[in-house]
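The values are calculated or read from the model by the stated rules, or taken from the named source; none is laboratory data. In this text, all values refer to a predicted model and were calculated from it rather than measured experimentally. All Cβ positions, glycine included, derive from the backbone under ideal geometry; neighbour counts span all protein chains shown.
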Amino acid sequence: MLTSITPLGEQGRNRKWATTVAAYFFGSVAGGAVTGLAAGTIGWLVPSGWRPGSVATIVAVILGVVALNELGWLRVAAIGKRQVNEDWLEEYRGWVVGVGFGFQLGLGLVTIVTTLAVPAAFLLAALTFSWQWGMLIGATFGLARALPILTTLHVTDPGRLALLHRRHDRAGRWAKVGVATAVVPLALMAVIA
């Protein structure tokens, strides 16, 4: 889906890439905020007597499992089968496509989930026991989820599109290592806290 919204593709649909991408960012942040709000509210509703004594330990375990999964030491199958509807690309205006795709991907859990980092983000939102912090974590997730679309900025001809596909294929492995590398220090900080 990411490489469907490029300057080349949007030009062929008589739309502006910047407008579609701005709407995509808005939708993704909003979708993440909605899921984060829901997760934070669920945590907020948990009576204080039922809350775990050491949230930091739970956070460390969650982040450790994410790291193990990303490094391939733990195998968790993809969750879900649904993807955004690519027919929208031809049927709707760019801003509608941007908001719609962004919102669905920002929600995080309504399309195919290939990494445990996605549900982990919302588990962490719930563990804040605060709808406000949950919403902030979700919005941050949505923003992070939208950022990769910026890699399509220079796709103005078919050759650059092919190059982008090759780069994404090569980067997939390093992205998993990057996620694992980022969560290990967070897990350690949680244990220390």
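Tabulated data
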| item | result |
| --- | --- |
| Residues (among the hydrophobic types (A, V, I, L, M, F, W, C) and either closer than 17 Å to Leu147 by Cβ or crowded, with 18+ Cβ neighbours inside 10 Å (or both)) located in region 103-119 | Phe103, Leu105, Leu107, Leu116, Ala117, Val118 |
| Region 137-186, residues that are within 14 Å of the chain's Cα centre (by Cα) and over 26 Å from Thr19 (Cβ atoms) | Ile137, Ala175, Lys176, Val179 |
| Single residue of Leu105, Leu150, Leu116 found to be in contact (Cβ under 8 Å) with a residue 60 or more places away in the chain, under 26 Å from Ala39 (Cα atoms) and hydrophobic (A, V, I, L, M, F, W, C) | Leu105 |
| Qualifying residue in region 126-149 (condition: farther than 30 Å from Ile42 by Cα and either hydrophobic (A, V, I, L, M, F, W, C) or out of contact with any Leu (no Cβ under 6 Å at 6 or more places or on another chain) (or both)) | yes |
| Failed criterion for Ile42 (all others in (1) more than 17 Å from the chain's Cα centre (by Cα); (2) surrounded by 17 or more Cβ atoms within 10 Å (Cβ to Cβ); (3) at pLDDT 95 or above; (4) not acidic (Asp, Glu) hold) | (2) |
| Candidate set from region 149-170 (those that are part of a helix (DSSP H, G or I) and surrounded by 14 or more Cβ atoms within 10 Å (Cβ to Cβ)); member that is modelled with the lowest pLDDT | His168 |
| The lone exception for Glu86 - which of (1) farther than 23 Å from Ala38 by Cβ; (2) under 14 Å from the mean Cα position of the chain (by Cα) it fails | (2) |
| Residues being assigned to a helix (DSSP H, G or I) and either out of contact with any strand residue (DSSP E or B) (no Cβ under 7 Å at 6 or more places or on another chain) or over 26 Å from Arg173 (Cβ atoms) (or both) - total across region 93-122 | 19 |
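The rows are residues; the columns are (1) under 18 Å from Ile137 (Cα atoms); (2) touching a helix residue (DSSP H, G or I) at 6+ places or on another chain (Cβ under 9 Å); (3) surrounded by fewer than 16 Cβ atoms within 10 Å (Cβ to Cβ); (4) of a type in the set (Asp, Glu).
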site: Thr6; (1), (2), (3), (4): no, yes, no, no
site: Leu37; (1), (2), (3), (4): yes, yes, no, no
site: Ser48; (1), (2), (3), (4): no, no, yes, no
site: Pro52; (1), (2), (3), (4): no, yes, yes, no
site: Ile62; (1), (2), (3), (4): yes, yes, no, no
site: Asn69; (1), (2), (3), (4): no, yes, no, no
site: Ala77; (1), (2), (3), (4): no, no, yes, no
site: Phe101; (1), (2), (3), (4): no, yes, no, no
